[in-house]
Amino acid sequence: MKYLYFPGCSLKSTGKPYEESILSVFRALDVDIEELKDWNCCGATAYMAVDELKSFSLCARNMALAVKQHGEGNGEPVQLVAPCSACYSLLLKSQHYMEENPEVSRVVKTALKEVGLESEGLSQKVRIRHPLDVLANDIGIERIKDQVKKPLTGLKVVPYYGCLLVRPYATFDDPYNPTSMDRLIRALGAEPVDWALKTRCCGGTLSGTIQGVGLRLSYLLLKEASRKGGELLLTACPLCQFDLECFQGGMNNRFQHNVQMPVAYFSQLIGKAFNLSDREVGAQRLFIPMKLEAAAP
Amino acid sequence: METRDRTPDQLVDLGENVHRLIKYEGELDQGFAAEVARLAHGEKFYTCIQCGTCSATCPVSHYMDFTPRRIIAMVRAGFREEVLRSFTIWLCASCYSCTADCPREIKITDVMYALKQIAIKEGIYPKRFPIPVMAQEFYKIVKKKGRNNEGKLMMNLALKTNPFSLLRYAKVGLKLFRTGRVTLREESIRNHGEIQTLLGAVDRAREAAK
Ligand code: SF4
Ligand code: SF4
């Protein structure tokens, strides 16, 4: 199967290591993936707070571009891979409302037409996918297991899904107790930590606006992850990764604690287990080095 | 001072007046519920049973001045001013926990978004309060370039709210720079004007329906 890749703004900056590792892992697995040409920002939570119809139109432009780039493709829908949970969720939400609400679909249609794009059937012609979904369900755990050259035996890895990856529009995993990442971790030879805060919000943009609240939410997650014996926490969203990793200094100051938890993208860990170089998975870009060996028992 | 912030002593000023905490029906905005419902595709929120599941599952409810459950009740009753001036609507992190858990399938997150939209449109928020400022800075950058630049966003936000916060972020910013995770180079789509045309077209299409 062929995939189109929608990076979104974060994967070109703070989430750079996510982009690098996803593309390297797909390459190692021989999966055909190509960047969506001329993509635009999905609008994120900001556009939703200012003007919902504009937010849907921004998303729709990307979908229309994807249909164009995909061409006929035997009538199969185009698989649009969005690694950022916010982009992923917003693209799904736009599809949902374009289907459900005639007013939304009318406005989006008129707006796209003005920039020379077709909006007919975007919700059917485009399938929005998260790379975690693609890896766990299309490529499959077995194929990933086969590629593992350096098993991460005994490493205690905390799978953190966050909010938008599993609700309210996603359907590839359970919204309360998702397990795709757990299964991937096991395939790499590591041990997924079972914890209750898998889908609890990291604070999102609050860490950049109201730090007292944002950092508290992130701190609670890290504290629980380390209490459960986690040695490395994995995320599937650039904002979660940024909040949980880059503000640890701030959290430690504020809450008089000393958390030191490496926080990496799930794709980086897969890459390392495939024996890819640090550069290929963007490991050198992390503030806290990834942990790859289990502590001695 | 807001009435709700007063102590019982302050509520009675020298025996002359007794301030009310509760509004009379006539003072409520009867059209508010419909206005919000329209924006939030939320006709169903009239069916709220006030069970409090949303407030219980919300990760930030203990920082809010009104919990999500109360917001729903207040919107329904027409407490327009109080709701639009609340911190709650800005603290909502849009995590969708409440929406996923509500037994009546009320899209509480969309209600919060609708309230933010009204408050931003009417300019009802403290001048330097970072959350609505950030939303609007983000809006502007994307309108101009089609893509966001995270470094620029954080910079603009700090300058428009609290320039001293730049110091707080300096260490993180520097590290991001060193690891190649922020750049000064701005990403953009091929034809800058296209997003402006698209967004303008949305406004025109919406007007045409009225
Ligand atoms: S969970 Fe739903 S029904 Fe219960 S109080 Fe909240 S909005 Fe109302
Ligand atoms: S979406 Fe907002 S109101 Fe709902 S649970 Fe999350 S933070 Fe709370």
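The values are calculated or read from the model by the stated rules, or taken from the named source; none is laboratory data. These numbers come from a predicted model, not from an experiment. Cβ atoms come from the backbone with ideal geometry, glycine included; neighbour counts cover every protein chain shown. Ligands, DNA and RNA are excluded from the accessible area calculation, which covers all protein heavy atoms including side chains. Shrake-Rupley method; radii C 1.70, N 1.55, O 1.52, S 1.80 Å.
Just a few scattered comments:
- Being farther than 21 Å from A:ILE185 by Cβ and open to solvent by less than 40 Å² (accessible area, probe 1.4 Å) is a property that does not hold for A:SER267.
- Of residues in the stretch B:32-71 being more than 20 Å from the chain's Cα centre (by Cα) and more than 14 Å from every other protein chain (Cβ to nearest Cβ), the one farthest from ligand 1 (Cβ to nearest atom): B:TYR46
- Residue in the stretch B:49-70 that is farthest from ligand 2 (Cβ to nearest atom), counting only those that are open to solvent by less than 30 Å² (accessible area, probe 1.4 Å), closer than 17 Å to B:GLU105 by Cβ and not polar (S, T, N, Q): B:GLY52
- Members of the stretch A:190-207 that are open to solvent by less than 30 Å² (accessible area, probe 1.4 Å) and farther than 19 Å from A:PRO175 by Cα: A:ALA190, A:LEU206, A:SER207
- Criterion violated by A:ALA196 - all others in (1) more than 14 Å from chain B (Cβ to nearest Cβ); (2) farther than 25 Å from B:VAL172 by Cβ satisfied: (1)
- Of all residues making up the stretch A:69-97, the number that are under 26 Å from A:GLY15 (Cβ atoms) and among the small types (Gly, Ala, Ser): 5
- When A:LEU164, A:LEU122, A:LEU155 are screened for being modelled with pLDDT under 95 and in the same structural domain as A:SER218 (by TED's automatic domain parsing), only A:LEU164 passes.
- Any pair with Cβ under 8 angstrom, 6 or more apart, that starts in the stretch B:24-52 at a residue that is modelled with pLDDT of 90 or more and ends at one that is open to solvent by 60 Å² or more (accessible area, probe 1.4 Å) and part of a loop (DSSP other than H, G, I, E, B): B:THR47/B:ARG104; B:CYS48/B:ARG104; B:ILE49/B:PRO103; B:ILE49/B:ARG104; B:CYS51/B:PRO103
- Among the conditions (1) under 15 Å from the mean Cα position of the chain (by Cα); (2) at the interface with another protein chain (Cβ under 10 Å from one of its Cβ atoms); (3) buried (at least 24 other Cβ atoms within 10 Å of the Cβ); (4) not aromatic (Phe, Trp, Tyr), A:ARG61 misses just one, which is (1).
- In the stretch B:151-192, residue nearest to the chain's Cα centre (by Cα) [restricted to those that are among the basic types (Lys, Arg) and more than 17 Å from A:LEU286 (Cα to Cα)]: B:LYS160
- Of the residues examined, A:LEU29 is not one that is crowded, with 22+ Cβ neighbours inside 10 Å, more than 19 Å from A:LEU122 (Cβ to Cβ) and more than 10 Å from chain B (Cβ to nearest Cβ).
- Subset of the stretch A:64-80 [surrounded by fewer than 24 Cβ atoms within 10 Å (Cβ to Cβ) and among the aliphatic types (A, V, I, L, M)]: A:ALA64, A:LEU65, A:VAL67, A:VAL78
- Residues that are more than 17 Å from A:ALA49 (Cβ to Cβ) and either open to solvent by less than 10 Å² (accessible area, probe 1.4 Å) or touching a Lys or Arg at 6+ places or on another chain (Cβ under 7 Å) (or both) within the stretch A:85-95 comprise A:SER85, A:TYR88, A:LEU91, listed in sequence order.
- Residue count for the stretch B:84-133 under the criterion of being facing chain A (nearest Cβ under 9 Å) and more than 16 Å from ligand 2 (Cβ to nearest atom): the result is 5.
- When A:GLU76, A:GLU34 are checked against the criterion of being in contact (Cβ under 8 Å) with a residue 12 or more places away in the chain and either away from chain B (no Cβ under 11 Å) or touching a Lys or Arg at 6+ places or on another chain (Cβ under 7 Å) (or both), a single residue qualifies: A:GLU34.
- A:PHE242 touching a residue at least 60 places away in the same chain (Cβ under 8 Å), closer than 21 Å to A:SER85 by Cβ, within 11 Å of chain B (Cβ to nearest Cβ) and under 18 Å from the mean Cα position of the chain (by Cα): yes
- Candidate set: the stretch A:270-297, residues that are among the charged types (D, E, K, R) and exposed (fewer than 15 other Cβ atoms within 10 Å of the Cβ); chosen: the one farthest from the chain's Cα centre (by Cα): A:GLU293
- Members of the stretch A:219-233 found to be more than 21 Å from A:LEU152 (Cα to Cα) and open to solvent by less than 60 Å² (accessible area, probe 1.4 Å), listed by number: A:TYR219, A:LEU221, A:LEU222, A:GLU224
- So B:GLU81, is it within 16 Å of ligand 2 (Cβ to nearest atom), within 30 Å of B:GLN30 (Cα to Cα) and open to solvent by 30 Å² or more (accessible area, probe 1.4 Å): no
- Filter result for B:GLN136 (outside the structural domain of B:SER188 (by TED's automatic domain parsing) and open to solvent by 10 Å² or more (accessible area, probe 1.4 Å)): no
- Filter result (more than 15 Å from A:GLY204 (Cα to Cα), within 14 Å of ligand 1 (Cβ to nearest atom) and hydroxyl-bearing (Ser, Thr, Tyr)) within the stretch B:82-115: B:THR88, B:THR99
- Counting only helices (runs of 4 or more DSSP H) that sit wholly inside the stretch B:15-116, those with at least 2 residues that are more than 22 Å from A:LEU239 (Cβ to Cβ) and in contact with a Cys (Cβ under 7 Å, 6 or more places away or on another chain) are B:53-57, B:68-77.
- Among the candidates A:SER55, A:SER10, the residue that is more than 8 Å from every other protein chain (Cβ to nearest Cβ) and buried (at least 22 other Cβ atoms within 10 Å of the Cβ) is uniquely A:SER55.
- Residue match in the stretch B:181-202 (condition: within 9 Å of chain A (Cβ to nearest Cβ) and open to solvent by 70 Å² or more (accessible area, probe 1.4 Å)): yes
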